[in-house]
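Encoded as structure tokens, the structure appears first; notes follow it.
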Amino acid sequence: MGILITDGAAFLTLFSEFEHVAYRLEARTAYGVPEENELFRSFPAGHGSGEERLGSWLELMVLRSG
């Protein structure tokens with residue numbers, strides 16, 4: 001197995017210095033992340049997509065995925 005990375009900066013480094021591509025589809029019946037509960041409740045009602053919170057992450061993904 002791999003190692004658990006809990007440091008945010010170290011985690012982001014994985015996406016800026018990768019050398020190979022891998023795909024994984026993860027489908028679960030439920031996801032439980034308490035700090036995201038309000039975001040998930042408000043999205044179907046049309047109250048934002050969370051992009052303001054994910055802006056830097058989305059920019060990094062666009063940059064790295066070409």
Taking the Cα centre of the chain as the origin and placing charges on Cβ (Lys, Arg +1; Asp, Glu -1), which of Ile3, Leu58, Phe40 is farthest toward the positive end of the dipole? Phe40
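Please identify the longest segment of the chain free of exposed GluC sites (Glu not before Pro), where exposed means a DSSP state other than H, G, I, E or B and no more than 11 other Cβ atoms within 10 Å. Intermediate values should be presented prior to the final figure.
Working: sites that count: Glu17, Glu19, Glu26.
Longest run free of exposed loop sites: 27-66.
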Once you put a point 7 Å from the Cα of Met61 and another 7 Å from the Cα of Ile3, both along the Cβ direction, what distance in nm separates them? 2.6 nm
By how many degrees, 0 to 90 and rounded to 10, does the Cα axis of helix 51-65 deviate from the longest principal axis of the chain? 30 degrees
Using a 7 Å offset from the Cα along the Cα-to-Cβ direction at both Arg28 and Arg41, what is the distance between the two label points in nm, to one decimal? 2.0 nm
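Placing +1 at every Lys and Arg Cβ and -1 at every Asp and Glu Cβ, with all other atoms neutral, what dipole size does the chain have around its Cα centre, in debye to the nearest 20?
On the way: 5 positive and 10 negative charges, 49 e Å.
My answer is approximately 240 debye.
If each DSSP helix of 4+ residues adds -39,500 (n - 2.57) and the sum is divided by the residues in the chain, what number results at 222 nm, nearest 500 deg cm²/dmol? Please list the in-between numbers first.
On the way: 3 runs with 30 residues, N = 66.
-13500 deg cm²/dmol, from helical runs alone.
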Listed residues Arg53, Arg41, Arg24; largest mean-square fluctuation, Gaussian network over the chain with Cα springs below 10 Å, found at Arg24
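Readers should treat all values here as calculations from the given coordinates under stated rules, not as data from a laboratory. Just so you know, these numbers come straight off a predicted model, no measurement behind them. Virtual Cβ from ideal backbone geometry, glycine too; neighbours counted across all protein chains shown.
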